[in-house]
Structure formats: structure tokens, C-alpha cells
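Colleague: One structure coming up, written as C-alpha cells, with questions to follow.
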Amino acid sequence: MASTGVLPFVRGIDFSRNDFQDMFPKAVEEMVGLRWLRLNRTILEEMPSELSKLGKLEHLTLARNSLPGLDSNTAMFRKMPSLRTLNARYNKIQTNQVPKDLFELEELSILDLSHNELTRVPDDLDNVKTLIVLNLSHNSIEAVPTQVFLNLTGLMHLDLSNNKLESLPPQLRRLINLQTLNLSNNPLMHFQFRQLPSLVNLNVLNLRNTKRNQTNLPPSLEMIPTLEEIDLSENELTRVPDCVYNVIQLRRLNLSKNLLTDFDVPDGWHQLQTLNVSSNRLKALPQSLPTCSALRRLYVNDNQLDFNGIPPSVGRLENLEVFLAADNRIEMVPEGLLRCGKLKRLVLRNNLLVTLPDAVHLLGDLEELDLAGNPDLVVPPKPADLQKGAGLAFYNIDFSLNHQMRLAGNTVYQSSPSPVPAKDPVGRKIRLARRANQADDEEGAGQVLKGMKDLVKDKTRRGSHDVLEREPVKIRKPADIVEKPQLDYSEFFDEDTGQREGLSCWEIENFVPNQIDNALIGKFYEADCYIILRTYAEAGSGDNLNYQIFFWIGAKATLDKRACAAIHAVNLRNYLGAECRTERQEQNEEEENFISLFPHGLIYIEGGRTASGFYTVEDTSLAKRLYRIHGTKILTLETVAVSPRSLDPHYVFFLDAGKKLYVWIGLKSKNITRSKVRLLAEKVNKIERKGLSEILVFNQRKEPQEFFQALGVTELPWMEDAKHHVPDDFTASEPHLYAVHLGKGYLELPQIDVRNGHLKSEMLSSKNVYILDTWADVFVWFGKKSARLVRAAALKLSQELCDMLPRPDFAMVTRVLEGTESQIFKSKFEGWDDVMAVDFTRTAESVIRRGVDLKKILEKDQIKTDLTALFMPRQGSMGSEEAKAVIEEFNEDLHRMEAFVLEGKKFVRLPEKEPGNFFSGDCYVFLCTYWVPAEESSGDEDSGEKEAEETQMHTVYFWQGRDASNMGWLTFTFSLQKKFEQTFKNTLEVVRMHQQQENLKFLSHFKSKFVIHRGKRKEPIDRSRIAPARLYQLRINDSLVCARTIEIDAKGSSLNSVFCHILNVPFDRSASNGIIYLWIGSKAAEEDVQLANEIAVEMTKYHYTMQIVKEGQEPDNFFWNALGGKKPYESNADFLQFSRLFRCSNEKGYFTVSEKCADFCQDDLADDDIMILDNGEEVFLWVGQKSSEVEIKLAFKSVQVYVQNLRNKQPDRPRKLLLTAKGKESKKFTKCFHGWSAYKSPQA
């Protein structure tokens, strides 16, 4: 292709990360105007001869290549007399390969030969008198010649670090302009640095690992008033050198990796900002540290600091942002440290921390808090008002309070306490009538106001000061009353628009305004429309600017340009906040004030410069392209030759043939990639082809012949199968993003820094033009606000860039306009319209059946949730009289009840005195016969008796204790149940119950005297000790029907002033005699006392005595001794009035929250569910061991909604949200469950 002629105007270009190992672009010779050139990471192995043609080159960068030297045997540097900067770091340059003509350059000021293989300082280096920066670090230089520093008096930056220097020439003192001196990692053991005070302009001094001590440093550095940074790390210093204390302008000090045991802070370090004393032997920081009022970063890692080692006065460091104290012995963090309000990083890793002050949650700017390696650390809970959730939406569910209350049918809380007035049609008519009569009343109102003013003036003349003059009432216009929406016009106009006096002009192109150069203002095309802004300042108005806005309509302009010119003229006025009106000017009918804006008059040009938004003259024919696609998280599209031999079974291929889009799926390609490519094809068809293309998806070996015909196969049918030919270690070519900059007569092409090869859409600016080079494709992206001249230059430059580098034959240049990017272009950028939010398990058939519109699919598949129970009021308790009526009603129908208990492997009858006493390790069977009243009949008496017998019903209740195995149930089903079924046949009903989960009918038969003991009825007697004491607690859950007396831990802390307790204290090993105490709490109800007395009497045996004890009057002998001593216990049970237990589960196929009845127990905590417990003060989220991650997240959002609802309904009882796991429940949690004990082990 012929040259475009644009290369001589290129002033700078960045070729970094290209592969020039085999061939360097010959076209570089034509860039004779080049000022800067970057060739970093281009795998160069020799100096390109083409560089000798660049006579105007000033800055050359050759970093990170494989150059053995800079000599090309062509005296190259003599042909670049303007060279000022040479950066050849990270190469393989040797000393004898540095040409002497390099040091003959009269303007060379920056020379970087670091990270090479130099063994000595290059000869003739001292000839470069203009050198300002010299970097020879990371080489193997052993000595510096004496004459080097004789002529380099202008040197400002000298880096000789990481060499083998043992000394420096005394001429170092001649470098009086030196600002940075880096000598780190050199064995300068015997060098005294006597020349150092002569460097009066020194700003940075780096002496890391140079064998420094108190004797080989100058005694003072006061002669260097500009010194701000000192690095003396890795020098085995036992104390801070005296010369450091004299530097009053010090801002950065590094003393890490030494042997310091303590140090002082002088009064002069008021400007110190960074202090690093890590890896020393410090046991305490100095008390005078707060005198460093400007300190921002403090590093004390790897020392021997403890709690006392950090002074409390550290809180006075109000500017401290970084505090690193890892690998120390800190047990507690001083409260003062957390008073540093600007703290952003706090690292306390690998210490002995036990807890943190609560103030850690008040550090609003804290970005990093590292507490790893502190095994005993307990972090204080975050205050409720500071807790932040992870958003309202999880799993496509809206967890906002108002939305969930609306679903539950509850009244939604208003966001504002002030009521919103309803629309009043009558009032609106009255206001309109007043507005219509307003004009007639203005004259009368003016007379009234005039009379009031005269009255005030008259009274003022008479000395009256009680009446003040009022200004006339200003009637607000309707436009002032209407609230205008806040719109963002920055997409169309720049920030500096209207900030300077003069004319600005925009042309309408594709519905949007584009600013044109000042040279083109007044030269209008007949088929275009323009917006003209005049910015001026009136005399005497100061800095206030005024505006005039016009929109000019060409005689042949299309309708869309005319409309957009008027619209964007108004947008410009709103953007500037101008009070002027927009003025319409049509071709050949312009007003004089408009024409006067152009000193040279208006010039009309035939035709149009811009494209219409409705019409296009571009060729819509599309080139046929084949893409090899791989990747799972991010799709990578590689353009390959349109040929069947490009197919590979390990990949998915996408063939864009215009009206047909083919997706070829390799047999060994990944399922996720397949799904993503199908969606990519759908997007290309829907967005770019307006749904007019046909999509064909097929697997390998099932291709239609038309696919091979589209690949260019002429001899059909094609029977050759695709083979794996792409290397397994294949990596996609690295993209290069260039920004096109245009100046006065020159072009520049710098590269955008792309980290890890991941492009992001944020790198593109609407004001610029970019060239994206992906080897087989070159894209030119035009920003909406980019200049037309830059666009034209970028098109030519992109073609030159495509031709100058080695590329395949199918490479091409593609234009891309902002806002109309193709899916192929977007795929080059990470996260730009990426096809991630899909179900990757979907097959091609499901895509065809359900479509590809993700929004519709999500609406259809929205996860169903039911949180209604969280908004329902708490169920009220049953009154005492009502409960007695229920008990009486259930017992009226009871004819008789027979009880059996499992002993060994069979059930035996239970003694008559024992019904009502249950043991947690046993299983019981109760056969209850109920009399069901017969219905009225017309038969005789005999038939009535027969009918009455048939209405008897038999219910067998099987009761299983918490500690009993399931063998009892199996024994019952194969023994008693079969006998009962043979006897009672169809009148038998079997009900299985577990401890504390009994139904109300069964509980009613015991008339509130339901006692549960621990263990078994018949346990072997331990003759080695006296039988242990047993403590029982009477508690009524919800109603008198659910009253139970359950054995609890015999401890003093188990008592509660609200309940009655029964204490059984045996005197011998067989528990045949002893004493029973009835302990009555001071807040116990009278009804509870009476019931507890009856139960205690029945529990009293022949050789037992009973004693009633009131709270506070307990005997010291047996009572407290039996409970292990007197201990603090609960004195209230307010939780009974508020306790609620909710279950969160997915067992119905969707997430639902249901409430347990008020008579809940410990066994209601299902191991595979999430439970929510409210005790009136705290709300616990209990997590079962087998619950899923999805349930945990959904339950967490649900409990947040519940707590938020309670804050609105019960503001006087704020709840704290706490998390607890199975086996780690606190006392506040367990007290809500009657008879809490250890969890039962898995049953057989």
C-alpha cells in the first residue's frame, strides 16, 4: 500500500512490548521528525540501523531488551546530535560495547545504563559536561576513576548502588549541585565520607548496607540545609549516629534492619513524615515521639514491643496515617493510638493481642486492618449504627424493608414523617381562577402598597419607629416554582466551555454536538447545523461573564440536524446557567448582530461535512472474519485465517459472514466457553445486525456444508476433520493501546499503560482518538468530543502502523465510533459488556426454547421468598381461665388412660403413681380411649347402645425422651402397635411425640403436672457415693396447658426469681430418704406457687420431708451445699414476654421464614436450618452445622429486615444482632429454652 505521507509529521511513538527480534520496522526511517522513541521490551539483540536516520531524536528508551552493546559500527550517535536522554537499563551491555561517540554529544543530560554488565565506568564519560542524571547502578563496577567527577559539576542525580565500590574519589566534593546520592549495597567499609558536608544541595542520601557506623560518618550534617531523606538501613548500627540528629529539615528516615535497642527524638524533627525502625531490638518507643507533629508513616515491625512499649501519647500524632507493628509482643493496643483520626493502615499481624479497644470502629478513614496471627484475639462487636450490610439485593431478591412489608401485606413505613398532601382538584380550580384575575388586581394592589408606603413615611417623619417599610410583594413566576431536574450535560460540553471570552462553535454530527477549531468558525456547510456561543464581559461587571447563544440552520440540512441544533442550544444554556435566550439563524436570513460576530463575514460551502443520524453514505458491506475463542471468565477472541484448517477441536470458533453467524463448537472445548459464545452471537445479531442475521450453532462433525462454503472451500463436500494444531502453551498476543495526540504540525503516539495485558473501558476518553493494535486487527476508536483533524490523522497513522509491522494477510483496520462499538471490539476490554450473568449450564436447546434475553429470564426465574412471618405480631398468651377450660374440655372425652414404659426389650405397665413423671432416657406408650358422643338416630334403644360403642376412639401416644434411642419406636411398631391394631382396628390412631414437643391434648391429661427427669427410671445404683441432688424448674410457656417441671443443672446459678424450683436432696446412696425443698422466687406468681406445691407433695416419698423456702431465707446447711454454693442468678424473666423463634429453610423449594409456637424447645433447633431467636434485647442468628451457604446469606438479610422493622415498631427496645453457632450458645440464648442441656448424640 502506498504511503499516506503522515510519518514525517510523527514527533513521538511508543513501540514498547512489540516483537522486533527478527525485523525492525523499515518505516521508522521515514519518521525524520521524530523527537522521542520508546523501544522497551521489544526483544532487540542489536541496535537498529534505522535509528541513524533520526537526526532530530532527543529521547531514546531501550530498556529491558537483550542488547550486548550500543555500538552498531555506524557511528550512530554522531548522527543524532540532538539526543538528550538515553535509557538502556536492563540489557546486557558490556563496558567495551559503549561507543565513545555517545560521550561526544553536546546535549546529553540523562544517561541510564543500570542493570547491565559493566565492570568499570565507561571511558570518556567525563567529557559529557552537560550530564544531569547518571545511573550506573546494578552493575559490577569496582572503582570510580578520579577524573570522572572533574567535569561533571552539573550532576544532580548520581546512582552507583549495587556495585562493588570500596571507596570514592575525593573529587566527589566538586558535585556541589548534587541533589540525590545513592550508594547503597556497596562495601564502603573504610570510606569516611569526608566530602559529604561539601554537597550543600543534597536532598536524598541513601547509604543502605554500606558498613556504616559511628566512626565512618561525618560528625555533623548541619552544613547541608536541604537534606530531607536519609537511609541508613542494614548497617548493624547499635545507636543512631549523631549526625542524623543535626538534620532539622529531615522528612524521611530509614533505620530498619539494624541493632538499635532505643533511640531519641530531638526537638528539631518537626517536619519528619516517615520513620522506619523495623527489624531492630526496640522494646519501647521514645516518649518524645509526639514531638514529630508531621509524622504520617511509622514502621516498627519485627521488634520486641509490648503494651508498655507504645506510649499513650502516640495519640497526639494527629497526622499519622500508617502504623505497622507486625511481629512484636503487643498484648493490648493503647487507646491513644486509636485517637489518630487520619489512620488508614493499621497492621498488628503476629502479636499477642487479646482484644482491641472499641474505638477501632470509629476510625472512619481506616482502609486496612491486619490482625492475622493473633490466635487469642477477640474483636469487639461493631456498634449497631455503624454496621453496614452487603446491599439489599441477594440472589435476585429485594430485601428492602418496605418491599418485604409490602409482600407481607403490612403497611409500609413512610420515609418522611411529614404527611404528603393529597391532590385537591377544587383547590386547583380556585388557584387557576385567582391567577386569571391577578392581572385585574395588580393596579389596585399597587395603589394599596403606595398608600402603605406613604403612611410609613409619614409616621417616620413624626418619629415613630414601630412601623417598618415593606418591599412590594414579588409574584413568583410558574417557571420559578417548578423544580427543574438535575441533568448532566458534561457528555456534550467540556468543563472550560464559556470560561473565556470569544467565540466557540459546535457542529451537529450523529445527533450530538462536536466542537470545531477556531479557524473553521464562520465557514458553514449548507447541509450542516451549528451552535455558536459568544462569551463576553460588560464594562464595570468585574469578572462576571455574559453569553449569547445562536444555532445556525443550513438550507440543505436534514431534519435531525435542525432539531438537535435547537435542543443542544438549550442544553448549552442550561449547562452555563445563562439567562439569555437561544436565537435561531437560518442561512441567507441571518440578523445583523449575528453577522457582526464574524469579522471576515460568513462563508457558505456546498455540501455537508458531517454525517446525518438518519442516513449514512458508508459502505455497509462487512468483511468475513473467523475468530478463535477461548477463556472461561473472560472471552479472548483471536482473528484467524478464514479457512477450515484454522479449526481446532479444543476451541470454539465464531464465523461472521454478514447475514449468517456460525458458531462451531469443538469436541474438547469448555462448556462455559460454548455458552458465552452463543450469547456473543446473539448480541452481535441483536445489537449490530438489528436481528436480521441468522445464527447457526453446531458441534464438530455435524457441520452443514454451507459452513465450509463460507470458509472458502470450493470442492464440496469437505470431509476432512479438524485437528489439534494450536500449541498447548499458546498465549494470545498482547494488545497495544495508543493515544493519538495532535499538535501544531506534529503527531504523537504514546502507549497507554496496560497492566497485565487487561484493557479497561475507563482508559478511553471521549476527547481523544485511540488506536488499538491486537496484531491481526487494528481498531481506530473515535471519541465523541475528538477533533476532526485528529480523526483524519489517526486513520492515516493506523494504516501506516498496520503496514509497518509484520502481520498476517487477513489483518485489517476497523473504524469504531464511541457509543457504537462492536461486540468484537468490546471483547478486547475486561468487564465491558461481558457475558457473565448467565446460566452456563444451559444447552443450545434451552437457549432456543427460552430465548437469550437475560432480563426476561431473571424476571421469570426470580427466586420466591416468604418473609411474612417476620412482620406478623407475636402470638398472645392464653389466659389462665381459658387454659383451665381447654384442659377440662380435653379431659371430658377421656374414658381411660393406660401407660406403658419400655424396660429392656419390651413394654410393661407403668405403676399408677408414676403417670406424669417422665425420664429423658426412656420411651413411654399411653393408650387413651376417648368417648365420642353419638349422633341422634331414630333407631331403638339397642341400636343406640351399639352405635355408642362404635363411637369410641383409641389414640396411642408414643413419647420418646431426648436421650432415648430410636430402638424404642422400632420395638413399639413390631409389638404393641400390632396388638393394638388387631384389637381396635379402624378406631386406632398412633401419634409419635418427642420430649417437649407434645401436643396440647396430651399435655391436658396431666393437668399441668408434667415432670421430666434426667436419665432412666431404673438406673444402677452407684454405691460409691451419695446420690446427687436434683433441681427442677416449673415454667409455664404460653399457657397453663404447657406447664412443665423439668430437671435442670443443680447449680446455684440455675435459679431465677420469677420461677419456682424443687430441690431433691437425698441423704444416702439409694436416694431412699432425704429432703425436698420448694424454693419460691420473690417474683413468682401465686398460681405457680400453688402448682409447684402440689407437684412437690407428690414427689415427696415415705422417708422424705418437705420444706418450703422463700427466696432470701434459704438454710445454709443442705440447700446451698446441694447446689454447690451460693452463686449469682437471674432475677427477671422479661424474655418470656418477647421471645420468638423463627425457622429459615429452603425445604419448600424456595426460601421461607416460619415462626415456631411460643412453646418451643431446644430440639426445635434443626441442624440443617437457620434459626432466628428474639429475646427482647438481642436477636440471634443461629446457624446449624449442615445449613447451606445460600440459606445463611438469605437468612442474614432476612434478620436484618426483622431488626429494622422492630426499630420502627418498638423504638424503646432496640435489638442487637448477634451471630451464634451450634454448641457455642451464650447464657442469653439458652435461657429462652426450658431445660437446656447438652446436645444429644446421633441416635442409632
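Derivation of every value follows stated rules applied to the coordinates shown; laboratory data play no part. All values reported here derive from a predicted model rather than from experimental measurement. Neighbour counts run over all protein chains shown; Cβ positions are idealised from the backbone, glycine included.
Colleague: Nearest 10 degrees is fine. How inclined is helix 1086-1099 to the longest principal axis of the chain, computing both from alpha carbons?
Modeller: It works out to around 60 degrees.
Colleague: Using a 10 Å cut-off around each Cβ, can you sort Thr865, Thr983 from fewest to most neighbouring Cβ atoms?
Modeller: Neighbour counts put them in this order, fewest first: Thr983, Thr865.
Colleague: Give the label of the value calculated from the structure for Rg and Dmax of the Cα atoms in Å, choosing from (i) 39.6, 137; (ii) 45.2, 141; (iii) 31.9, 106.
Modeller: (ii)
Colleague: Let me ask another. If you bin every alpha carbon distance in the stretch 709-780 into 10 Å steps from zero, what whole percent lands in each bin?
Modeller: 14, 31, 21, 17, 13, 3
Colleague: How large is ³J(HN,Hα) for each residue in the stretch 670-687, as worked out from phi by the Karplus curve 6.51 cos²θ - 1.76 cosθ + 1.60 (θ = phi - 60°), to whole Hz, x for Gly and Pro?
Modeller: Result, rounded to whole Hz: 7, 5, 5, 5, 4, 5, 5, 5, 4, 5, 4, 5, 4, 5, 4, 5, 6, 8.
Colleague: Calculate how many DSSP beta bridges within the chain are antiparallel, expressed in % of all such bridges and rounded to the nearest 5.
Modeller: That works out to approximately 50 percent antiparallel.
Colleague: For a footprinting-style exposure proxy, rank Met31, Met80 by other Cβ within 10 Å, fewest first.
Modeller: Met80, Met31
Colleague: Still on this model: Among Ser765, Leu343, Asn544, which residue has its Cα furthest toward the positive end of the charge dipole of the chain, with +1 on Lys/Arg Cβ and -1 on Asp/Glu Cβ?
Modeller: Leu343
Colleague: Mind sorting Tyr530, Tyr1150 by how few other Cβ atoms lie within 10 Å of their own Cβ, fewest first?
Modeller: Lowest to highest Cβ neighbour count: Tyr1150, Tyr530.
Colleague: Along the Cα→Cβ direction, 7 angstrom out, place labels at His994 and Glu903. What is the inter-label distance in nm?
Modeller: Here the answer is 2.8 nm between the modelled labels.
Colleague: Once Lys and Arg get +1 and Asp and Glu get -1 on their Cβ, which of Ala1085, Ala722, Ser278 lies farthest toward the positive end of the dipole of the chain?
Modeller: Towards the positive end, the residue furthest out is Ser278.
Colleague: Could you compute the net charge surrounding Asp963? Neighbours are other residues with a C-beta less than 11 Å from the C-beta of Asp963; K and R count +1, D and E count -1.
Modeller: +3
Colleague: Just to verify a number: FRET efficiency for Leu716 and Ser766, C-beta to C-beta distance, R0 = 60 Å, to 0.05?
Modeller: The pair Leu716/Ser766 has a calculated efficiency of 0.80.
Colleague: Would you please put 695-708, 992-1005 in order of how densely packed they are, using the mean number of other Cβ atoms within 10 angstrom per residue and starting with the highest?
Modeller: Ranking, from highest mean packing down: 992-1005, 695-708.
Colleague: What FRET efficiency comes out for Glu912 versus Leu362 if R0 is 45 angstrom and r is the Cβ-Cβ distance? Round to the nearest 0.05.
Modeller: 0.10
Colleague: While we're looking at this one, here's another question. What does the charge count around Asp656 come to, taking other residues whose C-beta lies under 11 Å from its C-beta (Lys +1, Arg +1, Asp -1, Glu -1)?
Modeller: +4
Colleague: To continue, here is another question. Got the relative contact order for the chain handy, in percent, Cα pairs under 8 Å and 6 or more residues apart?
Modeller: 5 percent.
Colleague: Please sort 1195-1206, 580-591, 246-257 by packing, taking for each peptide the average over its residues of neighbouring beta carbons within 10 angstrom, highest first.
Modeller: Top of the packing list down: 1195-1206, 246-257, 580-591.
Colleague: Sort the stretch 1105-1201 into rounded, prolate or oblate with this rule: let a ≥ b ≥ c be the square roots of the eigenvalues of the Cα gyration tensor; rounded if a/c is under 1.5, and if a/c is not under 1.5, prolate when a/b is larger than b/c, oblate otherwise.
Modeller: Because a/c hits 1.5 or more and a/b exceeds b/c, the stretch 1105-1201 counts as prolate.
Colleague: Treating the beta-carbon of each Lys and Arg as +1 and of each Asp and Glu as -1, no other charges, what is the dipole magnitude of the chain about its Cα centre, to the nearest 20 debye?
Modeller: 1100 debye
Colleague: Output the antiparallel fraction of DSSP beta bridges having both residues in the stretch 1134-1230, as a percent to the nearest 5.
Modeller: 70 percent
Colleague: Ordered by packing density, taken as the mean number of other Cβ atoms within 10 Å over each peptide's residues, highest first, how do 1037-1046, 746-755, 720-729 rank?
Modeller: Highest mean packing first, the order is 1037-1046, 746-755, 720-729.
Colleague: Hey, another quick one. Apply the a/c threshold of 1.5 to the C-alpha gyration tensor of the stretch 557-601 and tell me whether it is rounded, prolate or oblate.
Modeller: It is oblate, given that a/c is not under 1.5 and a/b is not larger than b/c.
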